[in-house]
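Trainee: Okay, here's the structure, questions in a sec.
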Amino acid sequence: MPLRGLNPEQKAAATAPAGHNLVIASAGTGKTSTIVGRIAYLLQTGVSPDAILLLTFTNKAAGEMTARLKRHFPADTIDRIEAGTFHAVSYRWIRREDPHAVLKQPGELKTLFRSVYDKRNFKRLAKGEPFSASYLYELYQLYQNASREPFDRWFLERHTDHEPLIDVYADIVDEYEESKREFGFLSFNDLLLRVLDEPTIAGRTFQEVLVDEYQDTNTLQGALIDALQPHSLFCVGDYDQSIYAFNGADIRNIATFTERYPDARVFTLATNYRSSAPILSLANRVIERNERIYPKTLRVGREGGGMPPRLLVYEELFEQYQGIAEMIRSRGRGYDQIAVIFRNNASADGVEASLRERGIPCRRKGGTSFFDAKEVRFLLDLVTLLANPKDMMAFIHIFEYADGVGAAVAQELYQYLLHFGEGDLRKGILAPTVRTLPRLKRHKNTQLGLFDNDLEVGSVRRFAHLDLPEEIFSHPLLKHPRLGPEGVLFFQRFYRWFRSVDRTQRPASVLRKALQSELYIRIVDRLASQRARLKNGEIDENRKEEARERILRKGRLLSDLAAHYRDIPRFVNAMILGGSELSEGEGVNLLTVHASKGLEFDTVFVVDLMDGRFPNRKLMERTGSLEEERRLFYVAVTRARDELYLSTARYDRVRKSTFKPSIFLEEAGLIRIDSEPPESGKMV
């Protein structure tokens, strides 16, 4: 059974009495085994699996834990445990009560937010330079994660210089939320807010709630845990690995656990089974400079001494990337067990170029995922619109590819089509019964520019030269005054695809027809041209053909995935919830520190350890702190099992700037910053 393999520290935590239990599980100390052991203990002591809730930060983590449990318990027993991410679990609960609720990805909702923002005429206000739509959207997401107070009060505490615009900002937020309610859209934050406001939506009372990566929970997630009012709470985390403050994570959740729960028991897992003794010693020397919220000292659980961490010093920035690539090339094997970890995404380009120059395969994690690729997103939007014609965001995303049609006009086109079909989008596209133009809803606010006056009727005669078929030329949508020739031709291509899949139920069939449609072929050509465009504006035809093949390959892969689903809504839901965890490629792993969390490798290179880059001083000034940068360094170095290389450079030839070594190298005992740095090109 799972309890047999636990060490005394892990077993003490796993068998703790019911109540408020906190387990401080440092890097490599077996937190997953402890959580699995805890659930096994609950089941063995008579707790019903229906009364257990396991909350994780990835569905992969939940799947790994339940898979381990199924080795010792019947699968139908473990399947009764409610397990998954905060969002996945909340979405399941909401869908049971409201099957028509639609979860939208952040990028889609940002487009909706921008369509609302773009209606405002900030120039008319003359009250200073406003935040961009994207930045205001990100601020609003951070607010939802971090606070339950009114948005305007929270905002003004941080941006007093924007007080003249706060009424406009608040009104944008209000209309954005109103639009989401109108179309049944839910953001990832909305999932948690809905459960927080209606905890009975869970449909049961949980005897124990287990929370993985507790240090990464934000204010909203902490409030949700409390709202569920479990009989027992089992939280596992490590304050030294709290690195998501920029995304709303609140280290106070773990730091104040014993204050909020006076009866709390705190267990510490102090035996590290991952890293060698020298690597662990270096990590401890650095992280112990942070305030100790709970006392702990890591011990080595591995046998053997291991190789001491090495410092790599290079004269020039790109020379650093070339040197590391050459070191990796000289190994000639085991690329999957090598990771290059960096603080900033910009570092990855030089490393990747140097590796590929030497024919070394590599993959980047933390960049654009398969499901976020534009060509895949477009196909999913087409399928989503069939699954739910009320999904205005899918329509907007599709029509933003039409020249001259932005988010605001695309939203108007959607409203027109609903009007022509008397509320039925399908009818409005294929067989409009209403021919008069709608009166778009006027807005009460004086700062609006777009809808101050009703739209004037456009003349369809301006499209006579396009030689359109009758069903398109006679369509009332062509009366829209802001619809130009390119927009009409795009609508024609969309119309033909939509008609070809009308009443089709199988998602694979829908996608096959989409891949063959003129609509998608044009999108492929457009994206391939963009990706093959040189700095002088010319298009490299060889690169364009390579880009086209990669785009088409992704479309075929999505079609293959769809073959496993019988109906469109189930396919769409699976793609939305599972898409963020797919990674592609093989070879050397190129990772941001954040993307590396939870992973481990035989060999790790941590690059660009220069002051200003790591620690990142600009981010420290905005939302971070030296303590958080130090936690990031700790996470990076503890990904290594056997070999750890820390790399720095003295000079950037492109920017003509010099660097000082990172303070973390001094804290690690590898250099003294006030003395002459080691000779470049050598390992220390």
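The values are calculated or read from the model by the stated rules, or taken from the named source; none is laboratory data. Please read these numbers as outputs of a predicted model, since none were measured by experiment. Neighbour counts are summed over all protein chains in view; Cβ atoms, including those assigned to glycine, are modelled from backbone coordinates with ideal geometry. What goes into the accessible areas is simple: the full protein's heavy atoms, side chains included, and nothing from ligands, DNA or RNA. Shrake-Rupley method; radii C 1.70, N 1.55, O 1.52, S 1.80 Å.
Trainee: Residue by residue through the stretch 188-230, note down the ones that are at pLDDT below 90, farther than 25 Å from ASP240 by Cβ and part of a strand (DSSP E or B).
Mentor: none
Trainee: Of all residues in the stretch 525-549, which are open to solvent by less than 90 Å² (accessible area, probe 1.4 Å), of a type outside the set (D, E, K, R) and either in contact (Cβ under 8 Å) with a residue 24 or more places away in the chain or more than 22 Å from PHE378 (Cα to Cα) (or both)?
Mentor: Of everything in the stretch 525-549, those that are open to solvent by less than 90 Å² (accessible area, probe 1.4 Å), of a type outside the set (D, E, K, R) and either in contact (Cβ under 8 Å) with a residue 24 or more places away in the chain or more than 22 Å from PHE378 (Cα to Cα) (or both) turn out to be LEU527, LEU534, GLY537, ILE539.
Trainee: Return a yes/no flag: does the stretch 68-83 have any residue that is in a helix (DSSP H, G or I), free of Cβ contacts under 8 Å to residues at least 12 places away in the same chain, surrounded by fewer than 19 Cβ atoms within 10 Å (Cβ to Cβ) and among the aliphatic types (A, V, I, L, M).
Mentor: Scanning the stretch 68-83 turns up at least one residue that is in a helix (DSSP H, G or I), free of Cβ contacts under 8 Å to residues at least 12 places away in the same chain, surrounded by fewer than 19 Cβ atoms within 10 Å (Cβ to Cβ) and among the aliphatic types (A, V, I, L, M).
Trainee: Would you check which residues across the stretch 254-271 are under 29 Å from the mean Cα position of the chain (by Cα) and either of a type in the set (Lys, Arg) or more than 13 Å from HIS20 (Cα to Cα) (or both) and list them?
Mentor: So the first thing to find is which residues in the stretch 254-271 are under 29 Å from the mean Cα position of the chain (by Cα), and the list is 254-257.
Of everything in the stretch 254-271, just one residue is under 29 Å from the mean Cα position of the chain (by Cα) and either of a type in the set (Lys, Arg) or more than 13 Å from HIS20 (Cα to Cα) (or both), namely ALA255.
Trainee: Can you pull out every residue in the stretch 231-240 that is part of a loop (DSSP other than H, G, I, E, B) and either surrounded by fewer than 20 Cβ atoms within 10 Å (Cβ to Cβ) or of a type in the set (S, T, N, Q) (or both)? Give the steps one after another, and end with the answer.
Mentor: Filtering the stretch 231-240 for residues part of a loop (DSSP other than H, G, I, E, B) gives 231, 238.
Scanning the stretch 231-240 gives a single hit, HIS231.
Trainee: Failed condition for LEU477, given (1) open to solvent by 60 Å² or more (accessible area, probe 1.4 Å); (2) touching a residue at least 12 places away in the same chain (Cβ under 8 Å), with all others met?
Mentor: (1)
Trainee: Limited to the stretch 456-487, what total is found for residues that are in a loop (DSSP other than H, G, I, E, B) and more than 26 Å from ARG439 (Cα to Cα)?
Mentor: At the first step, the residues of the stretch 456-487 found to be in a loop (DSSP other than H, G, I, E, B) are 456-459, 467-469, 474-475, 480-484.
Applying the additional criterion that residues be more than 26 Å from ARG439 (Cα to Cα) yields 467-469.
Final tally of qualifying residues: 3.
Trainee: Please count how many residues of the stretch 1-44 are in a loop (DSSP other than H, G, I, E, B) and of a type outside the set (Gly, Ala, Ser).
Mentor: Here the count works out to 6.
Trainee: I've got another one for you. Of everything in the stretch 600-634, what is closer than 19 Å to GLN320 by Cβ, among the charged types (D, E, K, R) and touching a residue at least 60 places away in the same chain (Cβ under 8 Å)? Give them in sequence order.
Mentor: ASP608, ARG613, listed by residue number.
Trainee: Please enumerate the residues belonging to the stretch 48-67 that are surrounded by fewer than 18 Cβ atoms within 10 Å (Cβ to Cβ) and of a type in the set (Val, Ile, Thr).
Mentor: Of everything in the stretch 48-67, just one residue is surrounded by fewer than 18 Cβ atoms within 10 Å (Cβ to Cβ) and of a type in the set (Val, Ile, Thr), namely THR58.
Trainee: I'd like to know if the stretch 123-143 contains one or more residues that are free of Cβ contacts under 8 Å to residues at least 40 places away in the same chain, outside any helix (DSSP H, G or I) and closer than 20 Å to ASN218 by Cα.
Mentor: No; the residues of the stretch 123-143 include none that is free of Cβ contacts under 8 Å to residues at least 40 places away in the same chain, outside any helix (DSSP H, G or I) and closer than 20 Å to ASN218 by Cα.
Trainee: Here's something else I'd like to know. Do we have LEU380 as open to solvent by 20 Å² or more (accessible area, probe 1.4 Å), on the phi < 0 side of the Ramachandran plot, touching a residue at least 60 places away in the same chain (Cβ under 8 Å) and within 26 Å of the chain's Cα centre (by Cα) here?
Mentor: no
Trainee: Still on this structure: Please work out which residue is surrounded by the most Cβ atoms within 10 Å (Cβ to Cβ), limiting yourself to the stretch 591-641 and to residues that are out of contact with any Gly (no Cβ under 7 Å at 6 or more places or on another chain) and small (Gly, Ala, Ser).
Mentor: This residue is ALA636.
Trainee: Let me ask another. Answer yes if at least one residue in the stretch 106-113 is of a type in the set (Val, Ile, Thr), open to solvent by less than 20 Å² (accessible area, probe 1.4 Å) and in contact with a Phe, Trp or Tyr (Cβ under 6 Å, 6 or more places away or on another chain), and no otherwise.
Mentor: no
Trainee: In addition: For the stretch 635-665, give me each residue that is out of contact with any Ser or Thr (no Cβ under 8 Å at 6 or more places or on another chain) and either among the polar types (S, T, N, Q) or more than 26 Å from GLU326 (Cα to Cα) (or both).
Mentor: Listed by number, the residues that qualify are SER647, SER657, THR658, ILE663.
Trainee: With the structure loaded, tell me whether ARG364 is open to solvent by 10 Å² or more (accessible area, probe 1.4 Å), closer than 28 Å to SER529 by Cβ and of a type outside the set (Ser, Thr, Tyr) or whether it fails that test.
Mentor: Against the criterion (open to solvent by 10 Å² or more (accessible area, probe 1.4 Å), closer than 28 Å to SER529 by Cβ and of a type outside the set (Ser, Thr, Tyr)), ARG364 qualifies.
Trainee: Let me spell it out: the conditions are (1) open to solvent by 20 Å² or more (accessible area, probe 1.4 Å); (2) farther than 20 Å from ASP98 by Cα; (3) touching a residue at least 12 places away in the same chain (Cβ under 8 Å), and LEU165 meets all of them except one. Which number is the exception?
Mentor: Looking at each condition in turn, LEU165 falls short on (1).
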